[in-house]
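Undergrad: This structure is in structure tokens; I'll ask about it shortly.
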Amino acid sequence: MNFLCFQVGAKRLEKAMEGIPDRIPVFAQMHEFVMHELKLSPSDFYLNPDVLVPGTLEVQKRYGFDMGYIDYDIYNIEAEALGQKVIYSDDSYPDADRNDPLVKTHDDLKKIDTPDFLSDGRFPFVDRLNILFKELTGLEPTLNFCAPFSLAANIRGIERLIYDIYEDPYFTRELFERITENVLVPWILFQKKRFPRAAAIVGSDATASIPIINMNILEEWVVPYIIRIREICGSEVYVPNWVGERYLKDPEEMFEKKLTVCPGFLEGQDPDVESIGPERYKRYAEEHDVALILGVGTRFLAESTPEEVIQRVKHYIEVGGKGGRFALYLCNLGKATSRENVKAVFETINMYGFYSGESDRDFLQY
């Protein structure tokens with residue numbers, strides 16, 4: 001198997017983040033979509049990198065995605081290696097057992113110690129899939145980790161964690177410090193040593209979103225620990241995927257925090273983008289001289305008609321693509337995602353997403 005074709009897409013995305021490429025690039029979070037496309041069980045898919053990696057690349061190539069990107073149940077890796085029970089159902093991606101958190105009492109904090117990344121849990125699974133991705137594509141892998149707040153929620157339980165923040169902040173502070181210093185920093189540094197040329201180390205942190213938390217929690221309990229990781233592990237580390245700014249009177253307040261932990265680009269996802277409008281994201285990105293990534297929503301891609309998909313994608317690329325520095329993201333494709341709607345995305349990109357080819361290359365073809 002050879003997937004060197006993704007080198008073209010990687011260059012397109014790199015160019016799009018810096019200026020104007022030939023065409024707007026498209027990428028996606030799609031591990032659950034791939035699993036169902038390949039008709040595999042979770043245990044066959046999420047436990048076997050030699051199936052997951054080539055299968056993912058094959059599906060991405062089949063639909064026309066630019067970026068060969070290997071994603072998986074990222075939120076479980078560190079938690080499972082520490083001893084958190086993870087449930088493997090028959091038909092869905094693995095998830096932490098919400099009824100049986102690893103950290104039930106103060107004494108359980110001692111469980112949060114540095115794992116053996118060569119043997120504990122599925123750390124070897126992650127290492128193998130990164131090696132295999134590089135072998136098959138010739139590209140450096142994107143390195144991944146579960147960000148501190150989401151990891152804390154997985155091993156403590158989100159309701160307990162929110163209660164702890166207000167009622168037992170000393171315990172909560174120790175929880176976050178152990179997660180950051182004992183687990184995440186060593187894990188990231190281990191991955192960096194294995195892949196020293198990797199340019200992207202991405203933290204996943206969907207739990208740290210509005211309205212699960214509020215802006216005060218974001219500022220005090222989320223941002224500082226990500227900044228700490230960036231200080232130790234390098235500027236390649238970023239966390240792009242908080243959502244919920246549509247709930248705020250001033251969405252730019254969230255935009256500002258996003259750029260604090262992801263300085264290279266601003267990411268917005270539906271239904272936030274649909275509600276606020278892509279124009280507001282584009283304006284903020286231009287004012288702060290960063291690239292823009294807009295995500296077409298999971299539910300929208302599952303429930304809409306191809307005609308509705310075409311209209312939304314066209315609108316997002318008309319607004320976001322003007323002047324370049326833009327990419328389109330398909331959010332969390334899964335079992336319910338309409339295959340026809342995924343195809344409609346690429347039909348729209350191929351019809352409207354190319355830049356004109358004129359000398360200034362400033363305008364999309366409409």
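The values are calculated or read from the model by the stated rules, or taken from the named source; none is laboratory data. Everything quoted here is computed from the prediction, not taken from an experiment. Please note: Cβ atoms are built from the backbone with ideal geometry, for glycine as well, and neighbour counts cover all protein chains shown.
Undergrad: Restricted to region 268-296, and to residues that are surrounded by fewer than 22 Cβ atoms within 10 Å (Cβ to Cβ) and touching a Lys or Arg at 6+ places or on another chain (Cβ under 7 Å), which residue is farthest from R230 (Cα to Cα)?
TA: So the residue we want is S275.
Undergrad: Then there's this: Checking the conditions here, which among R299, R246 is basic (K, R), closer than 27 Å to A344 by Cα and surrounded by fewer than 16 Cβ atoms within 10 Å (Cβ to Cβ)?
TA: R299
Undergrad: Taking the conditions exactly as written (under 21 Å from the mean Cα position of the chain (by Cα) and either among the aliphatic types (A, V, I, L, M) or at pLDDT below 95 (or both)), does M17 satisfy them or not?
TA: It is true that M17 is under 21 Å from the mean Cα position of the chain (by Cα) and either among the aliphatic types (A, V, I, L, M) or at pLDDT below 95 (or both).
Undergrad: Sticking with this structure for a sec: For the structure I just gave you, tell me whether L52 is buried (at least 21 other Cβ atoms within 10 Å of the Cβ), out of contact with any Pro (no Cβ under 9 Å at 6 or more places or on another chain), among the hydrophobic types (A, V, I, L, M, F, W, C) and touching a residue at least 60 places away in the same chain (Cβ under 8 Å).
TA: When the stated conditions are applied, L52 passes them.
Undergrad: Output the residue which, of all residues in region 57-87 that are more than 24 Å from L161 (Cα to Cα) and among the hydroxyl-bearing types (S, T, Y), is surrounded by the most Cβ atoms within 10 Å (Cβ to Cβ).
TA: Y69
Undergrad: Looking at D71, is it in contact (Cβ under 8 Å) with a residue 60 or more places away in the chain and either within 21 Å of N144 (Cα to Cα) or of a type in the set (A, V, I, L, M, F, W, C) (or both)?
TA: So D71 passes the test.
Undergrad: When you go through E252, E286, E236, E231 one by one, which is the residue that is more than 14 Å from C331 (Cβ to Cβ) and without any contact (Cβ under 8 Å) to a residue 12 or more places away in the chain?
TA: E231
Undergrad: From P251, P271, which residue is at pLDDT 95 or above and either touching a Pro at 6+ places or on another chain (Cβ under 7 Å) or assigned by TED's automatic domain parsing to the domain that holds F27 (or both)?
TA: P271
Undergrad: For K335, which of the numbered conditions (1) modelled with pLDDT of 95 or more; (2) in contact with a helix residue (DSSP H, G or I) (Cβ under 7 Å, 6 or more places away or on another chain) fails to hold?
TA: The failed condition is (1).
Undergrad: Here is a further query. So, G323, is that one in a loop (DSSP other than H, G, I, E, B), closer than 20 Å to G9 by Cα and in contact with an Asp or Glu (Cβ under 7 Å, 6 or more places away or on another chain) or not?
TA: yes
Undergrad: Within region 189-206, track down each residue that is touching a residue at least 40 places away in the same chain (Cβ under 8 Å), under 22 Å from L13 (Cβ atoms) and not small (G, A, S).
TA: Result: Q191, K192, F195, R197, I201, V202, D205.
Undergrad: If you don't mind, another one. So, L151, is that one in contact (Cβ under 8 Å) with a residue 24 or more places away in the chain and either touching a strand residue (DSSP E or B) at 6+ places or on another chain (Cβ under 6 Å) or in a helix (DSSP H, G or I) (or both) or not?
TA: Spelling it out, L151 is indeed in contact (Cβ under 8 Å) with a residue 24 or more places away in the chain and either touching a strand residue (DSSP E or B) at 6+ places or on another chain (Cβ under 6 Å) or in a helix (DSSP H, G or I) (or both).
Undergrad: If you scan region 91-127, which residues turn out to be without any contact (Cβ under 8 Å) to a residue 24 or more places away in the chain and either within 21 Å of the chain's Cα centre (by Cα) or outside the structural domain of T142 (by TED's automatic domain parsing) (or both)?
TA: Correct list: D95, P124.
Undergrad: Something else about it: Check region 29-39 and report whether any residue there is among the basic types (K, R), surrounded by fewer than 23 Cβ atoms within 10 Å (Cβ to Cβ) and touching a residue at least 24 places away in the same chain (Cβ under 8 Å).
TA: Scanning region 29-39 turns up no residue that is among the basic types (K, R), surrounded by fewer than 23 Cβ atoms within 10 Å (Cβ to Cβ) and touching a residue at least 24 places away in the same chain (Cβ under 8 Å).
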